Amino acid sequence: MPAALPILRSAKQMLDWSRRERAAGRSIGFVPTMGALHRGPLSLVQRARRENDRVVASIFVNPIQFAPGEDFESYPRDLAADRAVLRASRCDVAFVPARASLFPHGFQTVVTVPGLSAPLCGRFRPGHFEGVATIVAKLLHIVEPDRLYLGQKDYQQSLVISRMIRDLDLPVRLVTAPTVREEDGLAMSSRNRYLSPEDRRRAAGIQRALQAGARAVRRGLTSPARVRALVRAALKGIGRVQYVEVLDARDLTAPRRLQGPTVLAAAVFVGRARLIDNVVVKA
Ligand code: AMP
C-alpha cells in the first residue's frame, strides 16, 4: 500500500513546504477545490502533474462564497475519499485548513472584481465571486505556486481570477482546462449527486441546448437575443432556467451583434441541483 497523501492543516506548514520545494528548484502546480472530488478537478490534478515537479491541491468548502440559503451546510464533504483519489492522481500534498485559521475573528478584507462578477452567476449569487476571489488570493499567498489550475466548467470564475492575477500582479500563471463530461454530455459536478435518476437523464439536455445555440452561431446567427431564445427553447422540460446568456467570451459584456469569441452559458435548477454549463464558440 502506498503511503497516505500528506495533509497540511496550517498556512505556515503549507508555506514552509512550498518554499522548501521552490528553494530546491522544483515548480509547483496548484489546484484549489472544495472537495467531493470527481473526474473534473482530478483532470486538473493530472494536468498539473504533467506540467510541474510538485502538485498541491487544497480542500476547503469556502463559507464566504455561499450566499444565505445556498447549500454550504449540506455541501458534500468526504475527506477520506478525496485523499484517496488525490493520491491516485499523484498529487503530492493536500492543504486542508480549518475555517478559523483562514477566517480568524475580525476578518474583513476582500478582493472584488466588480465588472466580471456582475453578469451570469453574479446576478443570482450575491457576494459569490468576491468570496471566490478572496479565497483564491489567500490560497495563492499561502501556496505560492508557479501555476494555478481552474476548470472551464466555471468559466466566469476563471475570468474573474485571471483579471485579479493581472490587476494585483500576482506571480502565477493561470491554466484553464477543458470541462470533463459524462458520456451523455453532462458536465461533471459535485452537485450532480443531488439528481434523481430521472433528473440525471434530463440534465444532459443542458449541454445539448447550449450546443444547439453554438451551432447556430457557427452558421452565422449574430443576434444574441435569437441565440438565447433558441437555447431557452431547447431547455424546455429540463428544469427551471435561472439564466441563459450569450456574451463576449473575453470580458462578459453583452454585444449588440456577436463577433469573435462568444460564450453561451446557462444555469438551470434540475430537482434541487443548480447546474451550470457553458460553450465557447467563435462568431
Ligand atoms: P470545485 O471543488 O467545485 O470548486 O471545483 C474545483 C475545480 O475543479 C474548479 O477549478 C472547477 O472549475 C473544476 N471543475 C469542476 N467541475 C469540472 C469539470 N466537469 N471539468 C473540469 N473542471 C471542473
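The values are calculated or read from the model by the stated rules, or taken from the named source; none is laboratory data. Just so it is clear, the model here is predicted, and its values are computed rather than measured. Counting neighbours? That spans all protein chains shown, and the Cβs are built from the backbone with ideal geometry, glycine included.
What pairs can you find where one residue is in segment 146-171 and within 23 Å of I59 (Cβ to Cβ), the other is acidic (D, E) and modelled with pLDDT of 95 or more, and their Cβ atoms are less than 7 Å apart, with a gap of 6+ or different chains?
Filtered contacts from segment 146-171: R147/E51.
Name the helices (runs of 4 or more DSSP H) wholly inside segment 1-105 in which the number of residues that are within 13 Å of the ligand (Cβ to nearest atom) and not β-branched (V, I, T) is 1 or more.
Here the list reads 39-51, 79-88.
Confirm whether G220 is of a type in the set (G, A, S), over 22 Å from F95 (Cβ atoms) and surrounded by fewer than 16 Cβ atoms within 10 Å (Cβ to Cβ).
The answer is yes for G220.
Looking at segment 175-210, which of its residues are farther than 25 Å from R228 by Cβ, within 15 Å of the ligand (Cβ to nearest atom) and of a type in the set (S, T, Y)?
Residues satisfying the conditions are S190, Y194.
Is one or more of the residues making up segment 247-269 free of Cβ contacts under 8 Å to residues at least 24 places away in the same chain and either surrounded by 15 or more Cβ atoms within 10 Å (Cβ to Cβ) or under 22 Å from R200 (Cβ atoms) (or both)?
Scanning segment 247-269 turns up at least one residue that is free of Cβ contacts under 8 Å to residues at least 24 places away in the same chain and either surrounded by 15 or more Cβ atoms within 10 Å (Cβ to Cβ) or under 22 Å from R200 (Cβ atoms) (or both).
Which ones in segment 151-166 are aliphatic (A, V, I, L, M) and either more than 12 Å from the ligand (Cβ to nearest atom) or within 12 Å of D251 (Cα to Cα) (or both)?
Correct list: L159, V160, M164, I165.
If you go through segment 11-28, how many residues are more than 13 Å from V93 (Cβ to Cβ) and surrounded by 20 or more Cβ atoms within 10 Å (Cβ to Cβ)?
Residues in segment 11-28 being more than 13 Å from V93 (Cβ to Cβ) and surrounded by 20 or more Cβ atoms within 10 Å (Cβ to Cβ): 0 in total.
Using beta carbons and a limit of 6 Å, which pairs, at least six apart or on different chains, have the first residue in segment 214-235 and assigned by TED's automatic domain parsing to the domain that holds P261 and the second one exposed (fewer than 15 other Cβ atoms within 10 Å of the Cβ)?
From residues that are assigned by TED's automatic domain parsing to the domain that holds P261, the pairs are T222/R257.
Determine whether segment 29-47 contains at least one residue that is surrounded by fewer than 16 Cβ atoms within 10 Å (Cβ to Cβ) and over 25 Å from A187 (Cα atoms).
no
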